[in-house]
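Student: To start, I am sharing the structure in question, which I have written as structure tokens.
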Amino acid sequence: MVRKDLAQLSREELIDMVLAQFEQMSKLQAEMDALRLKLEKGRKPPSNSSNSSQPPSRDQKSNLPAKRKRHRHGPPLGHEKHEREFVADPDHIVEVKPQVCEHCQTDLRQEVQELVDVNQITEIPQAHAEVIEVRQYESICPCCGQEQVGQPPVGLEMNRTFGVRLESMVVYYRQEQHMSYTRTQEALQYLNGVEISQGGIDQIMQRAGRGALKQVGAIQTEIQSSAVVYCDETGSRLRQLVAMGLRLVACRSACHSLQP
């Protein structure tokens with residue numbers, strides 16, 4: 001926009017434009033300040049007990065030389081230090097601004113506030129089980145009079161009680177982590193808020209087992225045609241090892257097949 005275009009605008013339009021540009025500049029300035037603080041945090045000073053989890057016993061003592069020879073603990077020399085980097089686009093931004101002066105109780109909400117620190121916290125979203133209600137309808141064809149019933153998509157069948165993601169989690173807990181029925185119940189209740197009986201867990205495992213049986217033939221053929229069959233030093237028979245491998249791989253395949 002050039003000067004001639006601005007001259008054609010009214011006073012109110014110019015004020016609105018200035019306010020919009022001021023708001024945009026304020027946001028850009030806040031982003032620049034946040035990036036500056038992130039860069040400064042990337043250049044951290046030497047770790048000590050006041051700025052890290054290092055114990056006070058490892059701090060530099062005032063009466064000892066800084067370059068004294070000491071027994072080294074931790075990773076070997078030359079080990080690359082890894083630190084969590086800032087995420088470019090965080091999911092949420094929480095701005096913590098002072099509301100009132102703690103000394104005289106003056107309202108500070110309208111005062112100019114400068115960004116002084118930035119920190120990023122990685123958190124797991126609160127788990128909450130979804131309940132999906134499937135409503136099946138039927139209709140009568142006006143031409144032939146036949147009844148037609150709507151068919152739900154895969155994963156929302158009318159004879160299903162638990163969803164595919166929940167079933168996959170149950171199979172993972174039971175098969176991969178070897179958790180008992182009780183511990184599986186507790187994990188689902190405490191982590192996801194899901195109430196499920198041990199009978200329900202058993203039905204899920206049986207359903208996964210039936211799905212795994214469909215893969216047994218292909219897995220058995222692949223194992224038997226393999227040039228190398230791994231075994232340990234326990235002296236177990238090859239046939240037993242193949243059977244164990246079949247059960248493990250089949251259950252893993254069933255767990256993955258349950259995922260949407």
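The values are calculated or read from the model by the stated rules, or taken from the named source; none is laboratory data. A quick note: this is a predicted structure, and the numbers were derived from the prediction, not measured. Neighbour counts run over all protein chains shown; Cβ positions are idealised from the backbone, glycine included.
Student: For Met169, are the conditions met, namely being more than 24 Å from the chain's Cα centre (by Cα) and in a helix (DSSP H, G or I)?
Tutor: no
Student: Go through region 192-225 and count every residue that is charged (D, E, K, R) and closer than 20 Å to His178 by Cβ.
Tutor: 2
Student: Would you pick out the residues in region 116-163 that are under 30 Å from Leu39 (Cα atoms) and either among the hydroxyl-bearing types (Ser, Thr, Tyr) or touching a helix residue (DSSP H, G or I) at 6+ places or on another chain (Cβ under 7 Å) (or both)?
Tutor: Answer for region 116-163, where residues must be under 30 Å from Leu39 (Cα atoms) and either among the hydroxyl-bearing types (Ser, Thr, Tyr) or touching a helix residue (DSSP H, G or I) at 6+ places or on another chain (Cβ under 7 Å) (or both): Asp117, Val118, Thr122.
Student: Of everything in region 170-186, what is under 17 Å from Arg210 (Cα atoms) and either modelled with pLDDT of 90 or more or surrounded by fewer than 19 Cβ atoms within 10 Å (Cβ to Cβ) (or both)? Give them in sequence order.
Tutor: Val170, Val171, Tyr172, Arg174
Student: Consider Gly150 carefully, then state whether it is small (Gly, Ala, Ser) and surrounded by 10 or more Cβ atoms within 10 Å (Cβ to Cβ).
Tutor: The answer is yes for Gly150.
Student: Also, I was wondering about something else. Specify which of the listed residues (Glu111, Glu157, Glu102) is part of a loop (DSSP other than H, G, I, E, B), surrounded by 10 or more Cβ atoms within 10 Å (Cβ to Cβ) and more than 31 Å from the chain's Cα centre (by Cα).
Tutor: Criteria check complete, one pass: Glu111.
Student: If you don't mind, there's one more thing I want to ask. So which residues in region 187-211 are touching a residue at least 60 places away in the same chain (Cβ under 8 Å) and surrounded by 13 or more Cβ atoms within 10 Å (Cβ to Cβ)?
Tutor: Asn192, Val194
Student: Further question: If we keep just the residues of region 179-231 that are assigned to a helix (DSSP H, G or I) and among the charged types (D, E, K, R), which is nearest to Glu130 (Cα to Cα)?
Tutor: Per the criteria, the residue is Glu186.
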